[in-house]
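These notes concern the structure reproduced below.
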Amino acid sequence: NIQGFTPTYLAELSVRLEEERPDYIGLTETWLNDATESVTLPGYHIVSRLDRRSGRQRGGIMMFERDGLQGMVHVADANNLEHERSWHVLHTDIGPVSVCLWHRFPGANTSHIEAFEAECHQHAADTLGCLVVGDMNVHSDTWLKHSNGVAPEGTRLQQTCGRLGLKQKVREAA
């Protein structure tokens, strides 16, 4: 969650990337809009960019792939203008994997979660599995180690992930 793809955050991100060179980077809350025509991240190229489409401020998501790689393909964005999700297929040596980059803004209703479940069924149907990354802004201290309580959206997402066979793997707060 970069909270603004600004020169300051870009400089901090670039320093972090000098230490560790991940193949893929998913950013949430880029805060970009149509006024920003192009974006660069040294050593990476954009796989997908989805600015907030609902008219609300901030938000936005972007997926980068390290230069020299061509393993990820952007296949779709969420149909609903309020939902910030991009779907990708990552081609690996053992087969294709679905990758979802998702930012769910705080206070969003559970329709975001219901739509995610339908999209996951659609996009992961012909792949080996699904990896979901992002900032879902839900709380469920029974499921998410760093939550501060339980909210209906957290319970709903936990149930949805259970039905989809997805496991929560975050080990430390970002």
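Within region 68-82, at least one residue is touching a Phe, Trp or Tyr at 6+ places or on another chain (Cβ under 8 Å), of a type in the set (D, E, K, R), open to solvent by less than 50 Å² (accessible area, probe 1.4 Å) and within 16 Å of Gly134 (Cα to Cα).
Here is a list: Arg52, Arg21, Arg58. Which entry is open to solvent by 70 Å² or more (accessible area, probe 1.4 Å), in contact with a strand residue (DSSP E or B) (Cβ under 8 Å, 6 or more places away or on another chain), charged (D, E, K, R) and in a loop (DSSP other than H, G, I, E, B)? It would help to see each step written out before you state the result.
Values: Arg52 fails: open to solvent by 70 Å² or more (accessible area, probe 1.4 Å); Arg58 fails: in contact with a strand residue (DSSP E or B) (Cβ under 8 Å, 6 or more places away or on another chain).
Just one listed residue meets the conditions, Arg21.
Across region 129-155, which residue is most open to solvent (accessible area, probe 1.4 Å) among those that are of a type in the set (Gly, Ala, Ser) and modelled with pLDDT of 90 or more? Filtering first and then ranking leaves Gly134. Open to solvent by less than 20 Å² (accessible area, probe 1.4 Å), in contact (Cβ under 8 Å) with a residue 12 or more places away in the chain and either out of contact with any Gly (no Cβ under 9 Å at 6 or more places or on another chain) or polar (S, T, N, Q) (or both), is that true of Ser98? The answer is yes for Ser98.
Can you tell me which residues in region 156-171 are at pLDDT below 90 and closer than 24 Å to His123 by Cβ? Please lay out each step first, then the result.
Residues of region 156-171 at pLDDT below 90: 168-171.
Gln168, Lys169, Val170 - these are the residues of region 156-171 that are at pLDDT below 90 and closer than 24 Å to His123 by Cβ.
Filter region 2-38 for residues that are at positive phi and not hydrophobic (A, V, I, L, M, F, W, C); which is modelled with the lowest pLDDT?
In the first step, residues of region 2-38 are kept if they are at positive phi; the result is 3-4, 29, 31.
Restricting the remaining residues to those that are not hydrophobic (A, V, I, L, M, F, W, C) gives 3-4, 29.
Values: Gln3: 84, Gly4: 87, Glu29: 93.
Checking each candidate, the answer is Gln3.
The values are calculated or read from the model by the stated rules, or taken from the named source; none is laboratory data. Since we're looking at a predicted model, the values are computed, not measured. Cβ atoms come from the backbone with ideal geometry, glycine included; neighbour counts cover every protein chain shown. Calculation scope for accessible area: heavy atoms of the full protein, side chains included, ligands and nucleic acids excluded. Shrake-Rupley method; radii C 1.70, N 1.55, O 1.52, S 1.80 Å.
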